[in-house]
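Q: Before we start, here is the structure in question, set down as structure tokens.
The values are calculated or read from the model by the stated rules, or taken from the named source; none is laboratory data. Keep in mind that what you see is a predicted model, and the values were worked out from it rather than measured. Heads up, the Cβs are rebuilt from the backbone with ideal geometry, glycines too, and the neighbour counts pull from every protein chain shown.
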Ligand code: C2E
Ligand code: MG
Ligand code: MG
Ligand code: MG
């Protein structure tokens, strides 16, 4: 069928498909040694308490500097890692990095400082051993579970298998908090918020981007915030880029904000310095 589109089209099409398959295989191969070769790093994006202006939390985001391909986005390589058990190794490493930073910040700046870590559904699915090793890492640093918020997506909550949902409960048993990431882009069922005892709702950047007075996005954000508060959740708005967006969100009662307006994701040392200056 593709051939009927004409020589050039066929050629071009098959070429790009081939190219992306090759790149994916390349990423898969190279990612296996990326940790050992110190090509991975964790950056942290500050999460600001909107009414006080204080940075009380930060989200850990993994970075890959490939020796020849340059910066590869997690949006591209996380799915590659998820296709094998590699995501477990990377996820464990990110967790350990994040709590080491949290331990320092809790000692020096803010005793309640919290780091959030993204955990994909695949990490729950492949995690046969449970979370005992995470509990041990926390214990070694004498940190309470509350030091960490795990960011999950609605896809996980829609999982029907109990053994996967039970894993979420295990994290909660360890005292960790749970944030529902990218809220508003999926099914956004209110029932989940209630059923799974979620602590934070993260409003997706797509809503924040188009928030302006009188916009339907503003109404939607306001509705999400009212609903979340009624259910006892705190709200974090993602992707705040302008003062105007920040002011709007503050005026409708949003608790926390995260976005380029405050800071891009930055290395641990930079966050350390940033906190020294602002707190
Ligand atoms: P996410 O968890 O929703 O993370 C927020 C993304 O929005 C980050 O992209 C962040 O850099 C970006 N962002 C933050 N503020 C702004 C803003 O004001 N404007 C714009 N345009 N973007 C903003 P990033 O770091 O590229 O990560 C993409 C996704 O990759 C994350 O989305 C998360 O789903 C996944 N990811 C990143 N690190 C990890 C990890 O350690 N483990 C797992 N499982 N997934 C990860
Ligand atoms: Mg996240
Ligand atoms: Mg998000
Ligand atoms: Mg997002």
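Q: Which ones in region 129-165 are modelled with pLDDT under 95, in a helix (DSSP H, G or I) and loosely packed, with under 12 Cβ neighbours inside 10 Å?
A: Correct list: 132, 162, 163.
So that you can scan it fast, the table gives a plain yes or no per residue for (1) more than 30 Å from residue 139 (Cα to Cα); (2) touching a residue at least 24 places away in the same chain (Cβ under 8 Å); (3) out of contact with any strand residue (DSSP E or B) (no Cβ under 7 Å at 6 or more places or on another chain); (4) away from ligand 3 (no atom under 16 Å from the Cβ):
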| site | (1), (2), (3), (4) |
| --- | --- |
| 20 | yes, no, yes, yes |
| 25 | yes, no, yes, yes |
| 40 | no, yes, no, yes |
| 75 | yes, no, yes, no |
| 86 | no, yes, yes, yes |
| 95 | no, yes, no, yes |
| 103 | no, yes, yes, yes |
| 109 | no, yes, yes, yes |
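Q: Given the criteria within 15 Å of ligand 3 (Cβ to nearest atom), touching a residue at least 12 places away in the same chain (Cβ under 8 Å) and in contact with a strand residue (DSSP E or B) (Cβ under 8 Å, 6 or more places away or on another chain), does residue 192 qualify?
A: no
Q: For residue 100, which of the numbered conditions (1) surrounded by 14 or more Cβ atoms within 10 Å (Cβ to Cβ); (2) modelled with pLDDT of 95 or more; (3) under 17 Å from the mean Cα position of the chain (by Cα) fails to hold?
A: That leaves (3) as the condition not met.
Q: Kindly indicate whether any position in region 214-226 is crowded, with 18+ Cβ neighbours inside 10 Å and within 16 Å of ligand 2 (Cβ to nearest atom).
A: no
Q: Take region 205-260 and flag every residue that is in a loop (DSSP other than H, G, I, E, B) and in contact with a strand residue (DSSP E or B) (Cβ under 6 Å, 6 or more places away or on another chain).
A: 233, 238, 240, 254, 255, 258
Q: Moving to a separate point now. So is residue 55 in a strand (DSSP E or B), closer than 11 Å to residue 257 by Cα and in contact with a helix residue (DSSP H, G or I) (Cβ under 7 Å, 6 or more places away or on another chain) or not?
A: Answer is yes for this residue.
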